[in-house]
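The values are calculated or read from the model by the stated rules, or taken from the named source; none is laboratory data. A quick note: this is a predicted structure, and the numbers were derived from the prediction, not measured. Note: ideal-geometry Cβ built from the backbone for every residue, glycine included; neighbour counts use all protein chains shown. Protein only, heavy atoms only, side chains kept; ligands, DNA and RNA dropped before computing areas. Shrake-Rupley method; radii C 1.70, N 1.55, O 1.52, S 1.80 Å.
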Amino acid sequence: MLPWLVGMAVLIAGLSVGIALGRLDAARKLSDARSRTIAELAVVQAELDGVMKEALSGAEGIVHLVQHQGDIPQELFDAMAEQIIRNHPQIRNIAYAPGNVITRLYPLAGNEKALGLDYRTIPEQWRTVERAMTSGTPVLSGPVPLVQGGSAVIVRAPVVLSSTGTSGRRGYWGVISIVGDIDRILSDGGVTSSAALHIGVRGKDGEGAAGGLVGGDAAVFADDPVVTKLGVPGGEWTLAATPIGGWPRLAIIESQYFLAALANSLLLGLLAAMLVARHRELHERHGLLETESQERQRAERALRDSKNTLQAIVDNAPALMYMFDLEGRLLLCNRPFESMVGRSSDELLGRTREEFLPRHIAWQHRANDREVLELGRMCEFEERGLDADGVHTYLTTKCPLRDESGQAIAVIGMSTDITQRKASEEALRLASTVVECTADGVVVTDPAGLIIATNPAFTEITGYTAEEVRGKRPNILKSDRHEADFYQTLWSSITTAGDWQGEIWNRRKSGEIFPEWLTISAVRNADGSICNYVGVFSDISAIKRSQEDLERLAHFDPLTGLPNRVLFQDRMQHAIDRGDRYRHKIGVLLLDLDGFKTINDSLGHPVGDQLLQLVAARLNTCVRVEDTVARLGGDEFAVILSELSEGTDAVEVIRRILSVIQVPFEMTGGNGMVTTSIGVAVYPDDGHSVTELIRNADAAMYEAKGAGRNTYRFYQRNMTQEAQSRLHLENALRRAIEKREFEVWFQPQFSLADGAYLGAEALIRWRDPERGLIPPIEFIPLAERSGLIIPIGEQVLEMVGEAARRWLDAGLSVGRLGVNVAGPQIERSDFVAVLRRVTSQWNLPPTVLEIEITETVIMENPDHGRRVLHEIQALGITTAIDDFGTGYSSLAYLKKLPIDTIKLDRAFVKDVPDHPWDVAISRAAIALSHNLGFKVIAEGIETEAQRRFLHEEGCDEGQGYLFARPMPVQDFEAWLRARATPTGTVRSQLAVSDGASAP
């Protein structure tokens, strides 16, 4: 009995130790698994937060622009949306929804179904739009099904128009929706692509743990997951994670420590019992020789029973148990060993390892046996074994077995499969590598707030090494830019919600203050107590600079650096508000440069840009610091003069501006000189709103230009009526172009030598359905200023070409038909291309047309004008200078122009031969033109005396009421037919004697 009591005592003691070690091992493995999962989930949280922030905050620039400007042009919206989606591939599209109705989408392709969608008709989407309207902040919704197919998360950014914006409106405008690819976001954020975790995200529509599934593995939430929170616009998401393969649920009997203790206990207990029993047997054998046979049988039976018991225990142990002799032959093994090798013990006993294991594995095991024998004590090794499913790693404990003399006779081993544990350790190492390699800074503190770990990105961003901050509090980064209330709110959020996310300013080791986007999360143990705080942050200095650049682009002119129209109107409103408060007057000056276009076209746009920069610099020298100089566009500038006692106080500044602008500018392409016309409106005398003041100043500027330029005009009430009349006339002109209300009349031209018909001048008339026939003098100047003369001129050319073709086909001799061309047609359009198209379309001989251009148009841009005249003559079409003598042309330059005819203006014809000055001018002009090789035609001949004088002075041709009035197309055609002979030749001869009369 005593041996067994000793054995049982040893076994019970060993089992107690094994149970304690097994429980500690199971608890340690579960704790290790949860710690690894927490660390890995923190990485995923940081990555997902970064992806969400990058993907769904890109469109803030569009929201800010609409807040200040109201509706923006389609082209600007498309350009900004295209850049945002290119930089943030997680965004599927951006929707522009004034009044909660989608009117624009980018990209439109594939999303056409969503155009015109009213959010109020889809309750699921309207709920989040209404939340955004109520809160005034962006709200995330989804995942939601899309009208155009698929599902996505959507950030609803409400737009409330700024009271100081340029739209003139305020209040709720609508919503900008940023549609994110939820699958791409979850994949890029590591939720669905994690190799170590099953992750689920809950919080549909930002409702956190109470919300529906957002994505990932829904089953995670039922498996005691590690949970953390992620702030999203208007709410939060809950992230839950479990390891792939589940939590380690290690039974005590599965612990390698328990098994090792159990095996050792069994071995020691059995050995102890056997030794005690053997000793007792020997003692009894010596004492009772007579019972030797009986005792031997009992001892053999006990030994057999013990061996069977030992074999049963060994066979049922979860670890591999085996014994090899000194020659490496297998003496003992259990069933797990048999399973590993894939053979029975009968096949294995007496064989060496090389006979049933791969050679390299057998050599490793034999080398470990030799080490145990050499050291003479128990040793631990990591060994490899070949299982049916591949190579496994085992934790092996080996010790020498000695005989009664203490000599080693064998090696006993016990091996536990640690393949899964090694894989878990590798996963933990990988998670640690991810934290080490992420671009976001990571800092981990203990519950007391002392730093225990950081990653390399922390050092790169802050400048502090891990050794410098370990054991210190994160407030070493404090920038002192936030009040105490800010930090109280931060920690209150962490205490109540478990996390905090937002923008914060911190200080680097160098002393530099920088902005960062920070997420702080509390990590809790299974019992709910806080074990760590994890902070993940990124340096958003570059994002801040981009926002500042975008803000500057939205409010400042990139060429001159002056405020643009948006900022000008905002400052104007601010000046009005201050004027109301302090009873001051405000001067609004609108300036337009006179002569800028000539410099820009002749010297090139780079020189023109340099001139605008120099003008901006001079304007700034003329005003006070509290005043504003802005560029509204093109060569138009504006000035706000604040705090005036009277409107006339602005005169001193105006005169200073006129003086400095007219001083020649030194530029890269040469010197240039411009002047400026200034219109002035005074608040509150001339208007009470920004729009009204700018409109009235513009009307005054128009009057200043009409007064001869390089001057200024204060606004008068009648200017508004004149501006409205011009606007009405311009709208009527646009309608006339669309409805083709213009007509071409023709006035014949004759040879003053023999009275022969030579051709006609095409004259435009406008037949307005309300006012009837309108002469050119009433609409041509406005058409030229507005640029409408370009489409009008094209219509005139087409009508002349069509009529000429019809008359030529009818066999009528039309001579040459002169067509007047205005300055904008030469400067702003490809007039020669239009002329070429018309002659080709109507198959006209080039001799049928003559192009008439005023000398003023030519001299405003001589090089360009000369080039156009050369191109016209290259088509075989003749050219003429119209209204000669009324401009400011240089005779020296005029002789270099490719022209055929000079048209003497009617102003010099009407008083000849009675007025000596006109006689002298006409005589000189005719003689000069002939000397330069030009033909001369006189306009406005109304009397026989005028015709006779001009003929005697050598004038070649003439036109006027003396010969024929301008005629509509039908009347002119009838006139041509009446003057034609049956053979089709013209017989329009005028008597040239003194008694001749007009035809």
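Here the strands (runs of 3 or more DSSP E) wholly within segment 876-979 that include at least 3 residues being among the aliphatic types (A, V, I, L, M) are 935-938. Could you tell me whether segment 160-183 includes any residue that is part of a helix (DSSP H, G or I) and not assigned by the TED database to the domain that holds residue 573? Checked against the condition, which is being part of a helix (DSSP H, G or I) and not assigned by the TED database to the domain that holds residue 573, segment 160-183 yields at least one hit. The helices (runs of 4 or more DSSP H) found entirely in segment 334-375 that carry 3 or more residues being free of Cβ contacts under 8 Å to residues at least 12 places away in the same chain and assigned by the TED database to the domain that holds residue 391 are 359-375.
Starting from residues that are part of a helix (DSSP H, G or I) and more than 25 Å from residue 574 (Cβ to Cβ), keep the ones in segment 619-662 and report whichever is least open to solvent (accessible area, probe 1.4 Å). For segment 619-662, the residue satisfying everything is 661.
Mind telling me which of the residues 681, 704 ends up being crowded, with 18+ Cβ neighbours inside 10 Å and under 42 Å from the mean Cα position of the chain (by Cα)? Only one candidate qualifies: 681. If only residues of segment 870-913 that are of a type in the set (Gly, Ala, Ser) and modelled with pLDDT of 80 or more are counted, the one that is most open to solvent (accessible area, probe 1.4 Å) is 874. The single residue among 120, 156 that is at pLDDT 90 or above, under 17 Å from residue 175 (Cα atoms), open to solvent by 20 Å² or more (accessible area, probe 1.4 Å) and of a type in the set (Lys, Arg) turns out to be 120.
Just checking, how many residues over segment 303-333 are assigned to a helix (DSSP H, G or I) and either modelled with pLDDT of 90 or more or closer than 16 Å to residue 266 by Cβ (or both)? Number satisfying all stated conditions: 13.
Is there a residue being outside any loop (DSSP other than H, G, I, E, B), open to solvent by less than 20 Å² (accessible area, probe 1.4 Å), charged (D, E, K, R) and under 20 Å from residue 213 (Cα atoms) anywhere in segment 126-137? No, segment 126-137 contains no residue that is outside any loop (DSSP other than H, G, I, E, B), open to solvent by less than 20 Å² (accessible area, probe 1.4 Å), charged (D, E, K, R) and under 20 Å from residue 213 (Cα atoms). Checking every residue in segment 530-539 against the condition of being of a type in the set (Asp, Glu) and surrounded by fewer than 18 Cβ atoms within 10 Å (Cβ to Cβ) gives zero matches. Of all residues assigned to segment 108-123, none qualifies as being closer than 24 Å to residue 231 by Cα, in contact (Cβ under 8 Å) with a residue 12 or more places away in the chain, not in a loop (DSSP other than H, G, I, E, B) and not aliphatic (A, V, I, L, M).
Within the set 481, 508, the sole residue that is of a type in the set (Lys, Arg) and touching a helix residue (DSSP H, G or I) at 6+ places or on another chain (Cβ under 6 Å) turns out to be 508.
In segment 784-832, the residue that is modelled with the highest pLDDT out of those that are open to solvent by less than 50 Å² (accessible area, probe 1.4 Å) and of a type in the set (S, T, N, Q) is 795. Taking segment 758-775 as the range and being more than 21 Å from residue 879 (Cβ to Cβ) and open to solvent by 20 Å² or more (accessible area, probe 1.4 Å) as the test, the residues that pass are 765, 767, 769, 770, 771, 772, 773, 775. Criterion applied to 944, 939, 952, 957 was being over 60 Å from the mean Cα position of the chain (by Cα), without any contact (Cβ under 8 Å) to a residue 24 or more places away in the chain and in the same structural domain as residue 755 (by the TED database), and the one residue passing it is 952.
Yes/no per residue for (1) in a helix (DSSP H, G or I); (2) among the β-branched types (Val, Ile, Thr); (3) under 16 Å from residue 629 (Cβ atoms):
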{"site": "542", "(1), (2), (3)": "yes, no, no"}
{"site": "545", "(1), (2), (3)": "yes, no, no"}
{"site": "553", "(1), (2), (3)": "yes, no, no"}
{"site": "567", "(1), (2), (3)": "yes, no, yes"}
{"site": "570", "(1), (2), (3)": "yes, no, yes"}
{"site": "576", "(1), (2), (3)": "yes, yes, no"}
{"site": "579", "(1), (2), (3)": "yes, no, no"}
{"site": "588", "(1), (2), (3)": "no, yes, yes"}
